[in-house]
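Chemist: My questions will all concern the structure given below.
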Amino acid sequence: MLTGLVGNGPFIVVDQFGYLPGLKKVAVLRNPVNGFDSADQYIPSATLQVVNTATNTIVFSGSPTPWKSGAVDASSGDSVWHFDFSAVTAPGSYQVVDAARNVRSARFEIGANVYRPVLVQAVRTFFYQRAGHAKLAQYAGSKWADGASHMGPLQDTQARRYNAAGDASTQRDLHGGWYDAGDLNKYTSWGASYAIDLLHAYTENPSVWTDDFNLPESGNGVPDILDEVKWGMDWLVRMQNGDGSVLSIVGLASADGGGRPSAATRQSLYGNASTSATLASAAAYAYGARVYASLNKPAYDTYAADLRQRAKRAWDWAIANPSVLFYNNDAAHGTAGLGAGQQETNDEGRARLRLVAAIYLYALTGEAAYRTYVDSNYTETPMMKSWWLSPYDTGVNRPLLYYASLPGATANVAQAIRSRYTELWDRPDYAGWGAVADRRDPYRAHLDSYHWGSNGIKALLGGMFADQGLYGLSQHSPAEIADAGAAYLHYLHGVNPLGKVYLSNMGAWGAENSVDQFFHSWFADGSAWDSVRDSQYGPAPGFLVGGPNSTQYDWDERCPGISPRCGPARPSPPYGQPGQKAYKDFNDGWPLNSWPITENSTGYQTAYIRLLARYAK
């Protein structure tokens, strides 16, 4: 039961997993003014305490500070106070207490290892998302055990081309990979980017990655994060054609009516090769080759050498075929129903993919041709061309920073990238240090607007601060940089208007109010995995859900007349709320359409893991 829960929400919100001893610790005290919980009121006392819950002793007392002199924040609808208890550094379990008002925060830990158990569960979500791999109870837990999905007749080992479902000559073994989100499809361009993100999570803090995450590969002498990446990389290998091109998608069925993925029996169909999928894969092959070669293990030397050749073949095909397109799930292109999301891009998008592939190929090979390509094209990115630094462009900006860190990078190009990034992120009117300086968000994790995937964008923004420290870009101190990035973790871990940990089913790891249910074909509404509270099993732990979305959520436009499931009015929340309150734990399908709010994404997950890994021990 969440402590301090009065009326619709908690009044004192904290990171429910905890805080690192040396970093800033700020509880947010909230008085709801606008939104669904506006009938509640809380004015904090003049003095609050931090109480050690093991000894029931007060270890710190202090006064809260009003945010912007008591102003109401438009993004949350709250007026807010901050209670800074950074002076508390001793390891232990604590609560923030307003004794006079009889209000308490959730419990939290202070310690060097508070995030490691969370990191393990966040990474293990990839195991639950594996296609074609049995989830044995010893690894998945008895609640989420399942057979290997999509391995039946005409499924992944016998996949056929999307427009030739009855033609055995198109049959391919395309098993493996990860489900992309709440649907079970496998998208090449996105899957390649997930592999790259996880590889960076490994290289940016290698010491945190051990061989004991309770995966089937645990104990093999290789960090489990690299075992997980290899599962995804092996699928990308199967997707490559002999000429170097790479198929774009495998469309996978869900189980009829929801439930275990292994219950899906319908046919698996794949899409044609495309330039964008091939370039994305070239980058993944190249970075994978570099990282696996660094293990200095004979079996992985062979694997890395194979990836190296695949990366070069993919590059050569894409350069020779710069505009081969494939639009999945597009009736106009005859692909309706093949997948769900659309991954094809435009000319500018392909140009960015070429640049990213060249960066990773240069890092791998040191060949001048790839460096020349980077040097000749980096100025066409939004950051360099338009003076625009956005979390939506991290897919090219982060590789640019990586290139600028390479010993052989052209010196003036590397300096130009570093200087422009620093200048933009330090701009007073921008979302970076400018947002910190003017306290733009009372919950200390500014986002311009709350839309589809806001939690993933929060993770990317936190990562952009962390990159400042990684690459030595900022004029700010290491402590300031670490605090700024950690604030986005704290938001995702409960420092938000709902006091919600935006990870699923994390009660066993310290969260008192984590996601109860989310949109996923396995953990579907009405299934045994529907809800932590109200179903037999609840969803698996550790999934980051999409998050508040005030700009794109709505029920089916034909409601309420189309179905009795509509009810008399739109669910509010999430509808009609301030941005940060436009969230509800629900997994209803049509016509209430919960997916813009609670659906997970493997992309959100990799952004979160990459950020969290910078703070884990």
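The values are calculated or read from the model by the stated rules, or taken from the named source; none is laboratory data. Note that the coordinates shown come from a computational prediction; the quantities given were computed from them, not determined experimentally. Please note: Cβ atoms are built from the backbone with ideal geometry, for glycine as well, and neighbour counts cover all protein chains shown.
Chemist: Going through the range 249-263 one residue at a time, which ones are surrounded by fewer than 22 Cβ atoms within 10 Å (Cβ to Cβ) and either under 26 Å from Asp306 (Cβ atoms) or of a type in the set (A, V, I, L, M, F, W, C) (or both)?
Modeler: Within the range 249-263, Ala253, Ala255, Ala263 meet the criteria.
Chemist: Can I ask one more? Give me the residue from the range 522-565 that is more than 24 Å from Ala253 (Cα to Cα) and charged (D, E, K, R) and, out of that set, surrounded by the most Cβ atoms within 10 Å (Cβ to Cβ).
Modeler: That would be Arg565.
Chemist: Which residue is farthest from Asn163 (Cα to Cα), if the candidates are limited to the range 305-341 and must be exposed (fewer than 14 other Cβ atoms within 10 Å of the Cβ) and aliphatic (A, V, I, L, M)?
Modeler: Only one residue tops the list, namely Ala305.
Chemist: Oh, and also: For the range 396-406, indicate whether the set of residues that are within 20 Å of the chain's Cα centre (by Cα), under 27 Å from Lys68 (Cα atoms) and either in a helix (DSSP H, G or I) or touching a residue at least 12 places away in the same chain (Cβ under 8 Å) (or both) is non-empty.
Modeler: no
Chemist: Follow-up question, since we're still on this one. Of the residues Asp227, Asp180, only one is under 21 Å from Tyr285 (Cβ atoms), acidic (Asp, Glu), surrounded by 19 or more Cβ atoms within 10 Å (Cβ to Cβ) and within 20 Å of the chain's Cα centre (by Cα); which?
Modeler: Sole residue among the options that is under 21 Å from Tyr285 (Cβ atoms), acidic (Asp, Glu), surrounded by 19 or more Cβ atoms within 10 Å (Cβ to Cβ) and within 20 Å of the chain's Cα centre (by Cα): Asp180.
Chemist: Condition first: within 24 Å of Asn185 (Cα to Cα), of a type in the set (A, V, I, L, M) and either without any contact (Cβ under 8 Å) to a residue 12 or more places away in the chain or not in a loop (DSSP other than H, G, I, E, B) (or both). Now tell me which residues in the range 319-333 satisfy that.
Modeler: Answer for the range 319-333, where residues must be within 24 Å of Asn185 (Cα to Cα), of a type in the set (A, V, I, L, M) and either without any contact (Cβ under 8 Å) to a residue 12 or more places away in the chain or not in a loop (DSSP other than H, G, I, E, B) (or both): Ala331, Ala332.
Chemist: OK, next. Which pairs have Cβ atoms under 7 Å, sit 6 or more apart or on different chains, and link a residue in the range 223-244 that is within 14 Å of Ala273 (Cβ to Cβ) to one that is part of a loop (DSSP other than H, G, I, E, B)?
Modeler: These pairs meet every condition: Arg238/Asp173; Arg238/Leu174; Arg238/Gly176; Met239/Leu174.
Chemist: Continuing with this model, one more query. Can you go through Gln129, Gln121 and tell me which one is touching a Pro at 6+ places or on another chain (Cβ under 6 Å) and modelled with pLDDT of 95 or more?
Modeler: On inspection, the qualifying residue turns out to be Gln121.
Chemist: Would you mind stating whether Gly339 is of a type outside the set (Ser, Thr, Tyr), touching a residue at least 12 places away in the same chain (Cβ under 8 Å) and in a loop (DSSP other than H, G, I, E, B)?
Modeler: Judged against the criteria, Gly339 is a match.
Chemist: Still on this structure, please answer the following. Tell me which of these Ala363 doesn't satisfy, since it passes every other one: (1) farther than 28 Å from Ala273 by Cα; (2) of a type in the set (A, V, I, L, M); (3) touching a Leu at 6+ places or on another chain (Cβ under 6 Å).
Modeler: Result: Ala363 fails condition (1) only.
Chemist: Under 8 Å between Cβ atoms, which residue pairs at least 6 apart in sequence (or on different chains) link something in the range 196-219 that is under 22 Å from Ser142 (Cα atoms) and in contact (Cβ under 8 Å) with a residue 60 or more places away in the chain with a partner that is surrounded by 15 or more Cβ atoms within 10 Å (Cβ to Cβ) and basic (Lys, Arg)?
Modeler: As it stands, the answer is Phe213/Arg124; Asn214/Arg124; Leu215/Arg124, since those pairs meet every condition given.
Chemist: Here is a follow-up. I'd like to know if the range 200-218 contains one or more residues that are assigned to a loop (DSSP other than H, G, I, E, B) and aromatic (Phe, Trp, Tyr).
Modeler: Scanning the range 200-218, I find at least one residue that is assigned to a loop (DSSP other than H, G, I, E, B) and aromatic (Phe, Trp, Tyr), so the answer is yes.
Chemist: Next up: Give Ala122, Ala112, Ala140 a once-over and let me know the one that is under 26 Å from Arg610 (Cα atoms), among the hydrophobic types (A, V, I, L, M, F, W, C), in contact (Cβ under 8 Å) with a residue 12 or more places away in the chain and crowded, with 22+ Cβ neighbours inside 10 Å.
Modeler: Checking each option against the conditions leaves just Ala122.
Chemist: Can you spot a residue in the range 590-603 that is more than 30 Å from Thr188 (Cβ to Cβ) and β-branched (Val, Ile, Thr)? Reasoning before the result, please.
Modeler: Kept after step one, since they are more than 30 Å from Thr188 (Cβ to Cβ), are these residues of the range 590-603: 591-592.
Add one more test, that the residue is β-branched (Val, Ile, Thr), and what stays is none.
Checked the range 590-603: no residue is more than 30 Å from Thr188 (Cβ to Cβ) and β-branched (Val, Ile, Thr).
Chemist: Go over the candidates Arg533, Arg558, Arg610 one by one and state the one that is outside any loop (DSSP other than H, G, I, E, B) and more than 14 Å from His451 (Cβ to Cβ).
Modeler: Arg610
Chemist: If you take the residues in the range 536-555 that are part of a loop (DSSP other than H, G, I, E, B) and among the hydrophobic types (A, V, I, L, M, F, W, C), which one is nearest to Arg570 (Cα to Cα)?
Modeler: It comes out as Trp555.
Chemist: Hey, another quick one. I'm told Leu470 meets every condition in (1) touching a residue at least 60 places away in the same chain (Cβ under 8 Å); (2) touching a helix residue (DSSP H, G or I) at 6+ places or on another chain (Cβ under 8 Å); (3) within 18 Å of Val26 (Cα to Cα) except one. Can you identify the failing condition by its number?
Modeler: If we test Leu470 against (1) touching a residue at least 60 places away in the same chain (Cβ under 8 Å); (2) touching a helix residue (DSSP H, G or I) at 6+ places or on another chain (Cβ under 8 Å); (3) within 18 Å of Val26 (Cα to Cα), just (3) comes out false.
Chemist: Could you tell me which of the residues Gly22, Gly62 is farther than 15 Å from Asp98 by Cβ and either more than 28 Å from the chain's Cα centre (by Cα) or not polar (S, T, N, Q) (or both)? Write out each step before concluding.
Modeler: On the way: Gly62 fails: farther than 15 Å from Asp98 by Cβ.
Unique residue meeting the criteria: Gly22.
Chemist: Being closer than 23 Å to Thr394 by Cβ, out of contact with any Gly (no Cβ under 6 Å at 6 or more places or on another chain), surrounded by fewer than 24 Cβ atoms within 10 Å (Cβ to Cβ) and hydrophobic (A, V, I, L, M, F, W, C) narrows it down to one of Ala435, Ala486, Ala479, so name that one.
Modeler: Within the list Ala435, Ala486, Ala479, the selection yields Ala435.
Chemist: How many residues are within 18 Å of Arg260 (Cα to Cα), in a loop (DSSP other than H, G, I, E, B) and in contact with a helix residue (DSSP H, G or I) (Cβ under 8 Å, 6 or more places away or on another chain) if we restrict to the range 135-170?
Modeler: Adding up the residues that qualify gives 6.
Chemist: Separate question: Of all residues in the range 149-171, count the ones that are surrounded by 17 or more Cβ atoms within 10 Å (Cβ to Cβ) and acidic (Asp, Glu).
Modeler: The total comes to 1.
Chemist: State whether one or more residues within the range 234-248 are part of a helix (DSSP H, G or I), at pLDDT 95 or above, crowded, with 21+ Cβ neighbours inside 10 Å and not hydroxyl-bearing (Ser, Thr, Tyr). Spell out the reasoning first.
Modeler: From the range 234-248, those part of a helix (DSSP H, G or I) are 234-238; that's our starting set.
With at pLDDT 95 or above added as a condition, the list becomes 234-238.
Filter once more, so that each one left must be crowded, with 21+ Cβ neighbours inside 10 Å: 235-236.
Still in the list and also not hydroxyl-bearing (Ser, Thr, Tyr): 235-236.
There is at least one residue in the range 234-248 that is part of a helix (DSSP H, G or I), at pLDDT 95 or above, crowded, with 21+ Cβ neighbours inside 10 Å and not hydroxyl-bearing (Ser, Thr, Tyr).
Chemist: Tally time: how many residues in the range 566-604 are assigned to a helix (DSSP H, G or I), buried (at least 22 other Cβ atoms within 10 Å of the Cβ) and out of contact with any strand residue (DSSP E or B) (no Cβ under 9 Å at 6 or more places or on another chain)?
Modeler: Total meeting the criteria: 1.
Chemist: Can you name every residue in the range 406-432 that is at pLDDT 95 or above, surrounded by 15 or more Cβ atoms within 10 Å (Cβ to Cβ) and small (Gly, Ala, Ser)?
Modeler: Once the filter is applied, which keeps residues that are at pLDDT 95 or above, surrounded by 15 or more Cβ atoms within 10 Å (Cβ to Cβ) and small (Gly, Ala, Ser), the range 406-432 yields Ala409, Ala414, Ala416.
Chemist: Test of understanding: among Trp509, Trp425, Trp452, Trp433, which residue is of a type in the set (Phe, Trp, Tyr) and within 15 Å of the chain's Cα centre (by Cα)?
Modeler: On the way: Trp509 fails: within 15 Å of the chain's Cα centre (by Cα); Trp425 fails: within 15 Å of the chain's Cα centre (by Cα); Trp433 fails: within 15 Å of the chain's Cα centre (by Cα).
One residue alone meets the criteria, Trp452.
Chemist: If a residue has to be in contact (Cβ under 8 Å) with a residue 24 or more places away in the chain and assigned to a helix (DSSP H, G or I) to count, how many in the range 481-510 make the cut?
Modeler: 14
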